[in-house]
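Report on the following structure.
The values are calculated or read from the model by the stated rules, or taken from the named source; none is laboratory data. Remember, it's a predicted structure, so these values are computed and weren't measured experimentally. Here Cβ is always computed from backbone atoms with ideal geometry, including for glycine, and neighbour counts include all displayed protein chains. Side chains are part of the model used for accessible areas, which takes the heavy atoms of the whole protein and leaves out ligands, DNA and RNA. Shrake-Rupley method; radii C 1.70, N 1.55, O 1.52, S 1.80 Å.
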Amino acid sequence: VDLSEQKPSPPGTFIISDGFGNMLRNLEFVPRSSPPQIKLSANKHGFQTQILQEDDFEIIGRVIANLQMI
């Protein structure tokens, strides 16, 4: 996770916090929204896409790699 990248421009996968825990979400800015809004989505079934303002959650950092043990 790259902790220096906390804006979804370009869109991508980020670790975010809602104040209760950390989550992996796909983020992108909603075009021409004022104040700026961010669309949150997940690859997992059952999670509905949400549109929130930047102040509604904290972006921890951009996911830059996915490592798996074999």
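Details
- Filter result for Gln50 (in contact with a Lys or Arg (Cβ under 8 Å, 6 or more places away or on another chain) and free of Cβ contacts under 8 Å to residues at least 12 places away in the same chain): yes
- Of all residue pairs spaced 6 or more apart or on separate chains, those with beta-carbon atoms under 8 Å, a first member in segment 27-38 that is assigned to a loop (DSSP other than H, G, I, E, B) and a second member that is surrounded by 14 or more Cβ atoms within 10 Å (Cβ to Cβ) and at pLDDT 95 or above are Val30/Gln37; Val30/Ile38; Val30/Lys39; Pro36/Phe29.
- The residues of segment 44-57 that are open to solvent by 100 Å² or more (accessible area, probe 1.4 Å) and either under 18 Å from Phe20 (Cβ atoms) or assigned to a helix (DSSP H, G or I) (or both), listed by number, are Lys44, Gln48, Asp55.
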